[in-house]
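Notes for the one structure printed next.
The values are calculated or read from the model by the stated rules, or taken from the named source; none is laboratory data. The shown structure was predicted, so the numbers you read here are calculated from the model rather than taken from an experiment. For neighbour counting, all protein chains shown are included, and Cβ atoms are generated from backbone atoms with ideal geometry for every residue, glycine included.
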Amino acid sequence: MESALDTVVKVVRAHIHYDLRHGRHPLSAFAAAPRLYWEAFAGATRVDMRLDLAGDDTAMPMRVIAATVPQHPIVRLYCNRVRSA
């Protein structure tokens with residue numbers, strides 16, 4: 001999980017650097033996540049992780065909050081669980 005989060009932080013930094021080089025607001029190309037994902041995040045289990053964000057020359061502090069859910073929100077919508085005895 002740490003490796004996955006580290007990769008996401010690197011991708012976010014790359015987008016921030018690109019936007020700043022081109023005179024745009026950082027991450028302005030990204031819209032907010034749909035409500036479905038915010039609701040899943042609100043009910044998710046937080047993961048206690050500390051990421052080393054030092055060395056970022058954007059001068060923009062980053063706070064990363066990670067969480068896990070047992071099932072992807074879309075799967076929950078379209079796939080009913082069927083149990084048999």
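Taking region 28-56 as the range and being among the hydrophobic types (A, V, I, L, M, F, W, C) and modelled with pLDDT under 90 as the test, the residues that pass are V47, M49, L51, L53, A54.
Does R21 satisfy the condition of being over 23 Å from Q71 (Cα atoms), exposed (fewer than 10 other Cβ atoms within 10 Å of the Cβ) and among the basic types (K, R)? Taking the combined requirement at face value, the residue satisfies it. Out of the residues in region 57-72 that are under 14 Å from the mean Cα position of the chain (by Cα), under 15 Å from A44 (Cβ atoms) and not aliphatic (A, V, I, L, M), state the one that is modelled with the lowest pLDDT. If we take residues in region 57-72 being under 14 Å from the mean Cα position of the chain (by Cα), under 15 Å from A44 (Cβ atoms) and not aliphatic (A, V, I, L, M), then H72 is modelled with the lowest pLDDT.
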